Amino acid sequence: HGAGVFRRALDEKFDLARWAAAQLRLIPGIEVLAEPQLSLVAFRLFGRDADLDAANELNGRLLDRINARKRVFLTATTIDGRFTLRICVLSFRTHEDRMREGLSDIRDAVADVTA
């Protein structure tokens, strides 16, 4: 216990958030909205058309598909009217293996909703 242990754990979560942002950028159609400053990564899937409502609905379905797998749980918010998915790395049980599972679920869900 102590500040050093806490600092190392927090650094790991920050590193995992940056890793997730880099991995998300490799998925066709995914936009990372900003480089993570803490342990939060905000992203969305580009829709095939420019209609905001359709893009928001697409991202809502993406979130539902990811969470339906029940291996990770992502949240969402709205930024400037755009439905946005969020990865927040906080749990002491979240390590690289869990993040890899989550990214796998995101890739599979993107393939499902864009098929």
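The values are calculated or read from the model by the stated rules, or taken from the named source; none is laboratory data. On a predicted model such as this, the values are computed, not experimentally measured, just so you know. Note that we place each Cβ from the backbone using ideal geometry, even for glycine, and neighbour counts take in every protein chain shown. Accessible surface is based on the protein model in full, side chains and every heavy atom, while ligands, DNA and RNA are left aside. Shrake-Rupley method; radii C 1.70, N 1.55, O 1.52, S 1.80 Å.
Overview of values
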quantity: Residue that is farthest from the chain's Cα centre (by Cα), among those in region 22-80 that are assigned to a loop (DSSP other than H, G, I, E, B) and of a type in the set (Lys, Arg); calculated: Arg48
quantity: Residue list for region 81-101, filter: free of Cβ contacts under 8 Å to residues at least 60 places away in the same chain and of a type in the set (Phe, Trp, Tyr); calculated: Phe83
quantity: Qualifying residues in region 20-79 (those that are among the β-branched types (Val, Ile, Thr) and closer than 23 Å to Glu96 by Cβ) - the one most open to solvent (accessible area, probe 1.4 Å); calculated: Thr75
quantity: Top-ranked residue in region 1-17 [being of a type in the set (A, V, I, L, M, F, W, C) and open to solvent by 40 Å² or more (accessible area, probe 1.4 Å); ranked as farthest from the chain's Cα centre (by Cα)]; calculated: Ala3
quantity: Selection count, region 63-94, where residues are more than 17 Å from Ala20 (Cα to Cα) and touching a strand residue (DSSP E or B) at 6+ places or on another chain (Cβ under 9 Å); calculated: 5
quantity: Test for Ala115: is it without any contact (Cβ under 8 Å) to a residue 12 or more places away in the chain, open to solvent by less than 90 Å² (accessible area, probe 1.4 Å) and farther than 16 Å from Leu40 by Cα; calculated: no
quantity: Meets criteria (over 19 Å from Asp15 (Cβ atoms) and of a type in the set (S, T, N, Q)) for Thr77; calculated: yes
quantity: Residue satisfying all of: in region 80-92; of a type outside the set (D, E, K, R) and open to solvent by 30 Å² or more (accessible area, probe 1.4 Å); farthest from Arg8 (Cα to Cα) among these; calculated: Gly81
